[in-house]
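The values are calculated or read from the model by the stated rules, or taken from the named source; none is laboratory data. Here the structure is a predicted model, which means the values were calculated and not measured. We place every Cβ from the backbone using ideal geometry, glycine too, and count neighbours over all the protein chains shown.
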Amino acid sequence: MATIILITGTPGIGKTTLAKNLSQRSGYKIVEPNRLVRKERLYTRFDKARKSYVVDEGKLRRRLEALSRSSERIVLPTHLVGRFLPKASVKTALVLRLDPVVLYKRLRARRWTKRKAWENTEAEILDVCLQESRLLLGSRKVYEIDTTRKSALAVYREALRVLSRGRTGRSGIVNWLARYDPLELERTL
Ligand SMILES: Nc1ncnc2c1ncn2[C@@H]1O[C@H](COP(=O)(O)OP(=O)(O)OP(=O)(O)O)[C@@H](O)[C@H]1O
Ligand SMILES: [Mg+2]
């Protein structure tokens, strides 16, 4: 059975960057669900308003299940955490976190609208990816990494330490709500 490492977190947080480092430096194979969906047409339709494909979760699940029967070491970067994931094969979920103000600026630098950048910043403040990962996989498999003020290389090294030691979960390391009042932050950003 494959070893799948889920790399999750709010859009723009650094999932692909970490996955590339784990691939280039440690030999993991990258499977990006978004790409798979586009390349293999695992969608039901194109949502014009959202400018994105609507994932056919059944098809995606079957595709990922097939992958999980291989004997590869796979990193799966995605901000979507859902039942399409082959739960049993997911050994660890690394949930990347980032100070919401830094994240907002990064998303705006991508030329995202204020609204879209804020929606995602709010999801980071409210721990959405962390909670979804814990719900789906159980807290023992979920390991949170705060990337704030850390280089991509430092994040990679931390991730590698977690994976090579087969550490059990760790969550609750950041508390953005204690630092920021979302209503006030939305006004000042
Ligand atoms: N540790 C880091 N420090 C500073 N910048 C970073 C770090 N990690 C990633 N970045 C930068 O942040 C941006 C977003 O990174 P990346 O594409 O890896 O995020 P992502 O989580 O995969 O985003 P998406 O959900 O949209 O796919 C990139 O410009 C990347 O170079
Ligand atoms: Mg990405």
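Summary of values
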item: Test result for residue 183, in a helix (DSSP H, G or I) and under 14 Å from residue 127 (Cβ atoms); result: no
item: Per-region count, segment 126-143, residues more than 16 Å from ligand 2 (Cβ to nearest atom), in a helix (DSSP H, G or I) and in contact with a strand residue (DSSP E or B) (Cβ under 6 Å, 6 or more places away or on another chain); result: 5
item: Any helices (runs of 4 or more DSSP H) falling wholly within segment 21-125 and containing at least 1 residues that are of a type in the set (Gly, Ala, Ser) and surrounded by fewer than 14 Cβ atoms within 10 Å (Cβ to Cβ); result: 57-68, 100-109
item: Hits in segment 25-50 - residues which are closer than 11 Å to residue 75 by Cβ and more than 13 Å from ligand 2 (Cβ to nearest atom); result: 26, 27, 28, 29
item: Where a residue in segment 146-161 is in a helix (DSSP H, G or I) and its partner, wherever it lies, is among the polar types (S, T, N, Q) and away from ligand 2 (no atom under 16 Å from the Cβ), with Cβ under 7 Å and at least six apart; result: 160/26
item: Residue satisfying all of: in segment 23-36; more than 13 Å from ligand 1 (Cβ to nearest atom) and of a type in the set (A, V, I, L, M, F, W, C); nearest to the chain's Cα centre (by Cα) among these; result: 31
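Residues checked against (1) at pLDDT 95 or above; (2) crowded, with 17+ Cβ neighbours inside 10 Å; (3) of a type in the set (Val, Ile, Thr):
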| site | (1), (2), (3) |
| --- | --- |
| 132 | yes, yes, no |
| 137 | yes, yes, no |
| 148 | yes, no, yes |
| 151 | yes, no, no |
| 155 | yes, yes, yes |
| 159 | yes, yes, no |
| 166 | no, no, no |
| 176 | yes, yes, no |
